[in-house]
Amino acid sequence: GAVVSQHPSRVICKSGTSVKIECRSLDFQATTMFWYRQFPKQSLMLMATSNEGSKATYEQGVEKDKFLINHASLTLSTLTVTSAHPEDSSFYICSATRGEGGFTEAFFGQGTRLTVV
Amino acid sequence: DAKTTQPNSMESNEEEPVHLPCNHSTISGTDYIHWYRQLPSQGPEYVIHGLTSNVNNRMASLAIAEDRKSSTLILHRATLRDAAVYYCILRDVNNQGGKLIFGQGTELSVKP
């Protein structure tokens with residue numbers, strides 16, 4: 001079964017509204033989660049690192065006031081796209097890493113396809 | 001993390017082996033070679049990783065050049081479900097829990 005669950009898988013919203021995307025680690029605790037964005041036919045672009053109990057770290061060029069990240073527990077991080085515009089339409093993916101015996105594997109959510117109309 | 005170079009796309013026939021190359025000439029001694037793949041409209045999934053020796057698992061094999069400047073992901077018998085974008089990523093052993101930086105990857109298409 002899925003190790004990292006993302007919800008919703010698909011959302012359509014009106015321009016100017018806000019949308020919240022949830023990312024949960026199902027059977028392990030994740031002090032750090034990562035948020036990516038992917039446009040059609042392009043690779044994943046890292047947006048930010050979500051840190052449990054502290055502020056997120058944003059990549060250069062990503063507006064922290066537009067993409068609000070909250071990591072209130074060890075199993076849940078949320079990404080809120082505020083005042084969404086059509087150019088924010090994209091595929092948003094979260095990930096968390098789980099380590100065992102010196103190797104850490106990254107697990108990814110199934111992604112959220114956001115369409116802003 | 002060091003950069004990797006992969007062909008943009010490759011084609012394969014169903015039930016034939018596929019060799020997906022990756023160049024990483026600036027790899028450091030502490031970099032692991034990771035492969036992830038992304039099926040259409042899904043998040044990426046782990047495929048395999050290695051450091052120096054060749055590796056096998058239920059999904060694939062990883063052949064690493066002796067100088068570690070290149071590697072090849074081998075799918076022994078491609079199926080239609082293997083059609084995906086394959087990403088080769090270097091990850092420092094001291095940054096195991098850190099972020100993954102994705103390159104462009106190789107889009108593999110599998111013909112019946």
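The values are calculated or read from the model by the stated rules, or taken from the named source; none is laboratory data. Just so it is clear, the structure is predicted and the values come from calculations on it, not from any experiment. Reconstructed Cβ throughout: ideal geometry from the backbone, glycine too, with neighbour counts over all protein chains shown.
Need the failing condition index for B:GLU66 against (1) touching a strand residue (DSSP E or B) at 6+ places or on another chain (Cβ under 7 Å); (2) at pLDDT 95 or above, just the number. That leaves (1) as the condition not met. Going through (1) crowded, with 18+ Cβ neighbours inside 10 Å; (2) part of a strand (DSSP E or B); (3) of a type in the set (A, V, I, L, M, F, W, C) one by one, B:ALA78 falls short only on (2).
Quick check on my filter: what residues within the stretch A:58-117 are among the basic types (Lys, Arg) and closer than 29 Å to B:CYS88 by Cβ?
Filtering the stretch A:58-117 down to residues among the basic types (Lys, Arg) leaves A:64, A:66, A:98, A:113.
Answer for the stretch A:58-117, where residues must be among the basic types (Lys, Arg) and closer than 29 Å to B:CYS88 by Cβ: A:ARG98, A:ARG113.
In a residue-by-residue description of the stretch A:34-54, the property of being over 14 Å from A:GLY109 (Cα atoms), surrounded by 13 or more Cβ atoms within 10 Å (Cβ to Cβ), more than 14 Å from chain B (Cβ to nearest Cβ) and touching a strand residue (DSSP E or B) at 6+ places or on another chain (Cβ under 9 Å) applies to no position. Checked against the criterion of being free of Cβ contacts under 8 Å to residues at least 60 places away in the same chain, closer than 20 Å to A:LEU114 by Cα and among the β-branched types (Val, Ile, Thr), the candidates A:VAL19, A:VAL62, A:VAL81 yield just one match: A:VAL62. Filtered by the rule that a residue be within 8 Å of chain B (Cβ to nearest Cβ), part of a strand (DSSP E or B) and at pLDDT 95 or above, the stretch A:96-117 gives A:PHE108, A:ARG113. The set of residues in the stretch A:55-89 being surrounded by fewer than 21 Cβ atoms within 10 Å (Cβ to Cβ), away from every other protein chain (no Cβ under 11 Å) and in contact with a Leu (Cβ under 7 Å, 6 or more places away or on another chain) consists of A:PHE67, A:THR80, A:THR82, A:ASP88, A:SER89. Between A:THR49, A:THR57, A:THR17, the distinction of being out of contact with any helix residue (DSSP H, G or I) (no Cβ under 7 Å at 6 or more places or on another chain) and modelled with pLDDT of 95 or more belongs to A:THR17 only. Within the stretch B:36-61, restricting attention to residues that are closer than 18 Å to B:TYR87 by Cβ and more than 14 Å from every other protein chain (Cβ to nearest Cβ), which residue is surrounded by the fewest Cβ atoms within 10 Å (Cβ to Cβ)? Ranking the candidates gives B:SER61 first. Within the stretch B:64-93, the set of residues being within 11 Å of chain A (Cβ to nearest Cβ) and of a type outside the set (A, V, I, L, M) comprises B:TYR87, B:ARG91.
How about the stretch B:80-112: which of its residues are out of contact with any Gly (no Cβ under 8 Å at 6 or more places or on another chain), closer than 21 Å to A:PHE108 by Cβ and among the hydroxyl-bearing types (Ser, Thr, Tyr)? Listed by number, the list holds a single entry, B:THR106. Here is a check on your reading of the model: is A:LYS14 in contact with a Ser or Thr (Cβ under 6 Å, 6 or more places away or on another chain), more than 16 Å from B:PRO44 (Cβ to Cβ) and more than 13 Å from chain B (Cβ to nearest Cβ)? Here the answer is no, as A:LYS14 does not meet what is asked.
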